[in-house]
Each structure stands twice: as structure tokens, then as C-alpha cells.
Amino acid sequence: MTDTAAASAPLELHDPAHRHREIRGGSARAAVFGISDGLVSNASLVLGIDGAHPAAAVVRLAGLAGLLGGALSMAAGEYVSMRAQAELFEREIAVERSEIHLHPDGERRELALIYERRGVAPDVAADLAAQMMLTPDRALETHAREELGIDRDELGSPVAAALASFASFAVGAFIPLVAFLVLAGTTATVVAVGASAGAAAAVGTTLALFTGRPWWFSGLRQLLLCSAAAATTYGVGIAAGHSGGV
């Protein structure tokens, strides 16, 4: 290939087969974590109550209360957190919009300085900043991203996030409970343990899709963590039952 042909050839920046995992946003990843939270917390609660050997109705009531209470708590926490974050971002964006309107030259110089600090040559940074300031919308979007670290398209919906948190937690919390809704006694306990263990391994394996760790390692880690939590509360339940606390 001649030098001229090489210069005119398109620059290949990446291997076409190479793809980065999506590490931002991640509604699927958040759902998996929500299921994990619901599974571990309600398996621990249900088996802890069951360890004290109360009436089956007590275990079911505790499991349902844990499911609803945990899911509502997760939903409320997610809503308040995202709503507060969105309000903070909106306030900062409003301040930036006012500054761009009142002091466009100062904001242009500020943007150019940001680019210079990132290694862009001063003259190129000045031209780039001038281009970004040509229209108010582009200027606001650029300043929000470069100066504040805010992407207005990724603020998210607090209501949607709350509903997703509620649903994912409830799904995880239902898994250890379902055995006690249709069975009783030792059979219910064994089935609940088996279902929880299988679900924990499945959740861990699914998380490996996002983390890149070996599936068996992630699945085993999740299984051990869930087992440790449930075994601890089950032991406490047995001790409380033997001491006459239940």
C-alpha cells in the first residue's frame, strides 16, 4: 500500500469484534440486585422465624410482612433518592442556564479552560468552546456535562425506578416464602432452603454477565452469602424457640 493510500484509508480504532459491557444505567443489573436483596433478606427472615417452630401461619405472616415491608421500603428509598438527585441536578442546570444567558463570554472562557486542562491546545480549546456556545441548548448541554458532570438524558424517572425496585425485591422475597404458602413443617423448610439456594446461585451466575467474573465463582459466592445469612437467623430462631422466647 502506498503512503497516499495509507493516509486515505479509514482509521481502525478498535477491533470490530470487541465490545465493552454496558456499565452505566443498567436497569437489568439493578433488577438482579433487587432480586438478590429480596431473596437474602426474606430467606433470612422466614427461616429465622421457622427455626423457632411457631405455627405455620406465623411463618407465612412474617414472610408476607417481610416481602411487602421490604419492597415498599426499597421503593420509597429509591424514589426519594432519585427525586432528590433530580431536584439537585435541575437546580444546578437552572443556575448554569442563567449564567449562560447573563455572562456568555465568561462561560465560553470557562469552557475553553476546561478543555485546556484536559490537554487540548489553547487555540483549539477556544474554537471548540466557541462552537459549543453557538446555540443556548448546546451550550447548556455542554456545560452541564463538562462542568457539572450531568447528562440531562440520563437523569431517569423516580417513579419508574421506585416501581422497578418494588417489583424486583418482591420477586426475590417471594421465592423463600412460596414453600410455606403451599406446604408445612419440615417439608416446607427443606423446599424453602432448596429454592433459596438455587435462586441465589442463579442470581450470582446472572451477575457474572455484568461483572465478567467466572459464572461458577459468582454463583458460589452468592450462594455462600445467602446461606450464611439464612443459617445465622435460623440458628437464632432455634435458640429463641428453645429458650421459650416464642
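Output wanted: per-residue J couplings in Hz (rounded whole) for region 84-90, from phi through Karplus 6.51 cos²θ - 1.76 cosθ + 1.60, θ = phi - 60°, x for Gly and Pro.
Result, rounded to whole Hz: 5, 5, 5, 5, 5, 4, 4.
Report ³J(HN,Hα) in whole Hz for each residue of region 198-210, in order, from the Karplus equation J = 6.51 cos²θ - 1.76 cosθ + 1.60 where θ = phi - 60°; Gly and Pro get x.
x, 5, 4, 5, 5, 5, x, 4, 5, 4, 4, 5, 8
Expressed in nm to one decimal, what extension gain is obtained for the pair residue 76 and residue 114 from 0.36 nm per residue of sequence separation less their Cα-Cα distance?
Extra length from residue 76 to residue 114 when fully extended: 9.9 nm.
About the Cα centre of the chain, what is the dipole size in debye to 20, counting +1 per Lys and Arg Cβ and -1 per Asp and Glu Cβ, all else neutral?
With only Lys, Arg, Asp and Glu charged at Cβ, the dipole is about 1340 debye.
Once phi is turned into ³J(HN,Hα) by the Karplus curve 6.51 cos²θ - 1.76 cosθ + 1.60 with θ = phi - 60°, what whole-Hz value does each residue of region 139-147 show in order, with x for glycine and proline?
After applying 6.51 cos²θ - 1.76 cosθ + 1.60, I find 4, 5, 4, 5, 5, 4, 6, 7, 8 Hz.
Could you work out the relative contact order of region 28-235, using alpha carbon pairs under 8 angstrom and six or more residues apart, expressed as a whole percent?
Computed over region 28-235, the figure is 39 percent.
Using +1 at the C-beta of Lys and Arg and -1 at the C-beta of Asp and Glu, which of 211, 226, 136 has the Cα lying farthest in the positive direction of the dipole of region 131-246?
Checked the options; the winner is 226.
Using a basic spin-label model with each label point 7 Å from the Cα along Cα→Cβ, how many nm lie between residue 157 and residue 55?
With each label placed 7 Å out from Cα toward Cβ, I get 4.4 nm.
Say R0 is 30 Å: what FRET efficiency, to the nearest 0.05, do residue 146 and residue 68 get from their beta-carbon distance?
Once the sixth-power term is evaluated, E becomes 0.10.
Give the residue list of GluC sites (Glu not before Pro) in region 63-164 that are DSSP loop and have at most 15 other beta-carbon atoms within 10 angstrom.
Listed in order of number, the matching sites are 147.
Length gain on complete extension for the stretch residue 242 to residue 135, per 0.36 nm per residue less the alpha carbon to alpha carbon distance?
Residue separation times 0.36 nm, minus the Cα-Cα distance, leaves 31.1 nm.
Along the charge dipole of the chain, Cβ charges K/R +1 and D/E -1, which of 121, 64, 111 sits furthest on the positive end?
Selected residue: 64.
List the longest stretch of the chain that has no exposed loop site; here a site is one of the trypsin sites (Lys or Arg not before Pro) assigned by DSSP to anything other than H, G, I, E or B, with at most 13 other Cβ within 10 Å.
119-246
Rule-based calculations on the coordinates, nothing more; no lab input. Since we're looking at a predicted model, the values are computed, not measured. Methodologically, a virtual Cβ is constructed for each residue, glycine included, from the backbone with ideal geometry; neighbour enumeration extends over all protein chains shown.
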